[in-house]
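Read-outs throughout are calculated quantities, based only on the coordinates presented, and are distinct from any laboratory measurement. Bear in mind the structure is a predicted one, so any value in this text is a computation, not a measurement. Here Cβ is always computed from backbone atoms with ideal geometry, including for glycine, and neighbour counts include all displayed protein chains.
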Amino acid sequence: MRAPTAADLALLARKVWEAVPASLRDLTGEIAIVIEEFPDDDTMDEIGAETPFDIMGLLRTTAGEPPVMVIYRRAVLDYWVETGDELSAVLTHVMVHETAHQLELSDDMVAQLEAELEAAAPSPRTVQ
């Protein structure tokens with residue numbers, strides 16, 4: 001089994017984003033998805049990360065521009081291997097939580113989104 005490439009991850013992330021509840025997608029409008037191996041030093045400082053594996057994704061917003069979801073490939077793959085969760089489930093978690101964080105959604109709204117996700121899809125399976 002080979003590790004997914006950046007292109008593989010970008011394709012899967014786009015499918016994952018299209019499957020998240022419309023209530024969340026409506027808040028962001030169209031987003032761009034970018035895959036990077038690791039966060040740069042400035043991003044790590046901004047987030048307060050100690051290692052490049054401490055951050056799996058980040059939603060960047062700039063006034064007048066579509067939001068950009070940056071997925072950090074190596075951290076996502078490390079977490080995926082460590083937990084055994086399906087890769088799509090890992091990406092869903094990262095993308096929903098990063099979006100909710102950036103948009104400063106309430107805990108109640110995040111809980112509602114998670115409930116919508118659980119109702120729409122089966123629970124993540126572990127790799128056997």
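Some observations on this one:
- Estimated distance in nm for a label pair at Asp40 and Arg60, the labels positioned 7 Å out from Cα along Cα-to-Cβ: 0.7
- Most fluctuating residue given options Leu87, Leu27, Leu12, as computed from a GNM of the chain linking Cα atoms under 10 Å: Leu27
- Each peptide among 43-49, 60-66, 30-36 gets the average number of other Cβ atoms lying within 10 Å of its residues, and from highest to lowest they stand as 30-36, 43-49, 60-66.
- Kirkwood Rh, Cα atoms: Rg over Rh of the chain: 0.94
- Estimated dipole of the range 6-118 in Debye, rounded to 20 [Cβ of Lys and Arg +1, of Asp and Glu -1, Cα centre]: 460
- Cα gyration tensor shape of the range 8-47, rounded if a/c is under 1.5, else prolate or oblate by comparing a/b with b/c: oblate
- Taking 0.36 nm per residue of sequence separation and removing the Cα-Cα distance, the Asp107/Ala22 pair yields an extension gain of 28.8 nm.
- Residue-averaged 222 nm ellipticity for the chain, from DSSP H runs of 4+ at -39500 (n - 2.57), nearest 500: -16500 deg cm²/dmol
- Rounded to 5, the percent of DSSP beta bridges in the chain classed as antiparallel: 50
- Unit charges at the beta carbon, dipole of the chain: most positive-side option, Ala111, Val76, Thr5: Thr5
- The value of relative contact order for the chain, using C-alpha pairs under 8 Å at least six residues apart, is 27 percent.
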